[in-house]
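Coordinate-derived values only; no laboratory data. Given the structure is predicted, the values throughout are model-derived calculations rather than measurements. We place every Cβ from the backbone using ideal geometry, glycine too, and count neighbours over all the protein chains shown.
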């Protein structure tokens, strides 16, 4: 299936109140149906595992997030793990 970019379409009821249903809509180049993204322009994805872009308009890929989390949790020692377990009831 070929991907076709979607134009930005505002969501909400016709009254302009912003309420609106969970019906089909588009945001930039992503199509959203019933609250789920069903198509996205690959240009919106950010594969940088440092997450340095800090972007409000791009989405980090699953692999980028996993790499970032793994890199930042590798230095946690057993004492910190025990403390986190106490704090969060684990």
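So the values come out like this:
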| item | result |
| --- | --- |
| Per-pair calculated FRET efficiency, R0 = 22 Å: residue 76 and residue 47 via Cβ, rounded to 0.05 | 0.30 |
| Directionally averaged projected area (convex hull, Cα atoms, the stretch 42-88), nm² | 4.2 |
